[in-house]
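Written below as structure tokens is the structure these notes are about.
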Amino acid sequence: DLILQAHHLVKTYSQHSGTLGLQKTRIRALDDVSLQLKRGTTLAVVGESGSGKSTLARGLMRLLPLDSGQVIFDQQDFLSMDKQALRHARKHIQMVFQDPFASLNPRMRIGEIIAEGLVIHGVGNARQQRDQVMHMLEKVGLKAEDSPKFPHQFSGGQRQRIGIARALILQPKLVICDEPVSALDVSVQAQILLLLKQLQTEMGLSYLFITHDLRVVRHIADEVMVMQKGKVIEQGSVENIYNAP
Ligand code: ADP
Ligand code: ADP
């Protein structure tokens, strides 16, 4: 049972090069990338900076147009969906970002930040939305009373908990985690990874987990794919890749 499949994704950028920047070079940021993610599991995408990980994430979410390839999300052809179908599908795909501070609006109370998805998609009335936010705050290890506070009143780890609450409030099927613990202290990283694991089991979530950190892969992933210069150079279960001779 696959929640996400990508077949033969290709994305080329043109970059200005040469001393005066007048020449143009083409860069294959994604060069025939395919992947499969089983429902309820975690696929880690690993690779050095510049290997194409964020192009992959943005391409999969249709935040960036791809040159070619196919994306199947929950049995539907995601790249050819019309606006309305896309809007509906987007409800089921959420992202958790590396730097929760940069992605949390400093002028919004965290209750409003977490409720945003419910408001945008018109889920429930104001009272139900408030109850869901309180419930979600407790699920991620914060307190319901924290709801009127602002992001700067929280530590880095707590802010990532807020980012996770915001991503999960709509009970998405797929969560794309883009370096979600890279900006945190090592001790806090472990707590956030544990929280993500607990929520995965509880809510049946599927994670596409982007990271450059191989230690993180061990803690969170079931399957792993390694990218280099836009290509997948290795792919398999975490045990197979780590126990390879
Ligand atoms: P173009 O019009 O050249 O196809 P864009 O208008 O999208 O490209 O971007 C302008 C230029 O900025 C690109 O050609 C590229 O050199 C540079 N650029 C933008 N983002 C990046 C990036 N993430 N990595 C490297 N270069 C980038
Ligand atoms: P990663 O997330 O693994 O660091 P990226 O997907 O950001 O990799 O980048 C893959 C390649 O594409 C790099 O060579 C990068 O410089 C290039 N690139 C990314 N975005 C752009 C852009 N907007 N314009 C031009 N080149 C880009």
task = For every other residue with a beta carbon closer than 12 angstrom to the beta carbon of ASN240, add +1 if it is Lys or Arg and -1 if Asp or Glu, then tell me the sum.
result = -4
note = With 0.36 nm assigned to each residue of separation and the Cα-Cα distance removed, GLN15 to PHE150 gains 44.7 nm
message = I'd like the distance separating the alpha-carbon centroids of region 201-245 and region 122-193, in whole Å.
response = 24
inquiry  = Below 10 angstrom from the Cβ of ALA183, what's the summed charge of the other residues (Lys, Arg +1; Asp, Glu -1)?
reply    = -2
Residues of type lysines that LYS149 reaches as a straight line, Cα spacing below 20 Å, ignoring anything fewer than 8 places off in the same chain = LYS139
query = Please state the Cα pair-distance histogram of region 49-190 with 10 angstrom bins from zero: what percent is in each bin?
reply = 11, 37, 33, 17, 2
task = Note down the net charge around ALA85, summing +1 for each Lys or Arg and -1 for each Asp or Glu among other residues with Cβ under 14 Å from its Cβ.
result = +2
ask   = Looking at the P(r) of region 1-115, how many percent of alpha-carbon pairs lie beyond 24 Å?
value = 41
note = Binned at 5 Å from zero, the C-alpha pair distances of region 107-245 give percents of 2, 9, 18, 19, 18, 13, 8, 6, 4, 1, 0, 0
request  = Let me see the pair-distance distribution of the chain: every alpha carbon pair, 10 Å bin width, integer percents in order.
outcome  = 7, 30, 34, 21, 7, 1
inquiry  = Which lysines, if any, have their Cα less than 27 Å from the Cα of LYS83, not counting same-chain residues under 8 positions apart?
reply    = LYS11, LYS38, LYS53, LYS91, LYS173
task = Count the DSSP beta bridges whose two residues both fall in the chain, then state the antiparallel fraction as a percent rounded to the nearest 5.
result = 60
query = What list of ³J(HN,Hα) couplings, whole Hz, do you get for region 119-125 from phi and the Karplus terms 6.51, -1.76, 1.60, once you set θ to phi - 60° and write x for glycine and proline?
reply = 5, 4, 8, x, 8, x, 8
task = On the protein heavy atoms, probe 1.4 angstrom, tell me the percent of accessible surface of the chain carried by carbon and sulfur.
result = 49
inquiry  = Run through region 88-140 and list the trypsin sites (Lys or Arg not before Pro) located in a DSSP loop whose Cβ has at most 10 other Cβ atoms within 10 Å.
reply    = ARG107
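The values are calculated or read from the model by the stated rules, or taken from the named source; none is laboratory data. Since this is a predicted model, take the numbers as computed values, not measurements. Cβ coordinates were reconstructed from backbone atoms using ideal geometry, including for glycine residues, and neighbour counts include every protein chain displayed. Surface accessibility is based on the protein's heavy atoms, side chains included, excluding ligands, DNA and RNA. Shrake-Rupley method; radii C 1.70, N 1.55, O 1.52, S 1.80 Å.
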